[in-house]
Amino acid sequence: MNKKETIAEVGFILDTYCEGCLVKKFLRQDYGKCAAQKFCIRECTVGEQLKKLGKNLT
């Protein structure tokens with residue numbers, strides 16, 4: 001997968017799964033942006049997918 005395809009895939013995933021995520025919204029309201037980002041990166045399966053795609057960009 002080239003960089004252009006990877007970026008498109010990341011955008012699709014963010015728009016599809018992360019845009020209206022209730023868990024992210026709840027964590028952000030109660031614990032702040034940093035806690036929500038930590039959850040998304042470390043525990044969410046979508047975040048794991050995004051990390052794998054991000055490695056293709058470096």
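Restricted to the chain, the set of helices (runs of 4 or more DSSP H) holding at least 1 residues that are among the hydroxyl-bearing types (Ser, Thr, Tyr) and surrounded by 12 or more Cβ atoms within 10 Å (Cβ to Cβ) comprises 3-13, 22-31. Among residues of the stretch 16-27 that are closer than 15 Å to LEU50 by Cα, those with a Cβ under 7 angstrom from a residue that is basic (Lys, Arg) and part of a helix (DSSP H, G or I), sequence gap 6+ or separate chain, pair up as CYS18/LYS24.
Cβ-Cβ contacts under 9 Å between residues 6 or more apart (or on different chains), taken from a first residue in the stretch 40-51 that is under 15 Å from ARG28 (Cα atoms) to a second residue that is of a type in the set (Phe, Trp, Tyr), are listed as CYS44/TYR17.
If you go through the stretch 11-51 and keep only what is out of contact with any helix residue (DSSP H, G or I) (no Cβ under 9 Å at 6 or more places or on another chain) and hydrophobic (A, V, I, L, M, F, W, C), you end up with PHE12, LEU22, CYS34.
Readers should treat all values here as calculations from the given coordinates under stated rules, not as data from a laboratory. Quick caveat, the model's predicted, so the values are computed rather than measured. Every residue, glycine among them, receives a Cβ derived from its backbone with ideal geometry; neighbour counts consider all protein chains shown.
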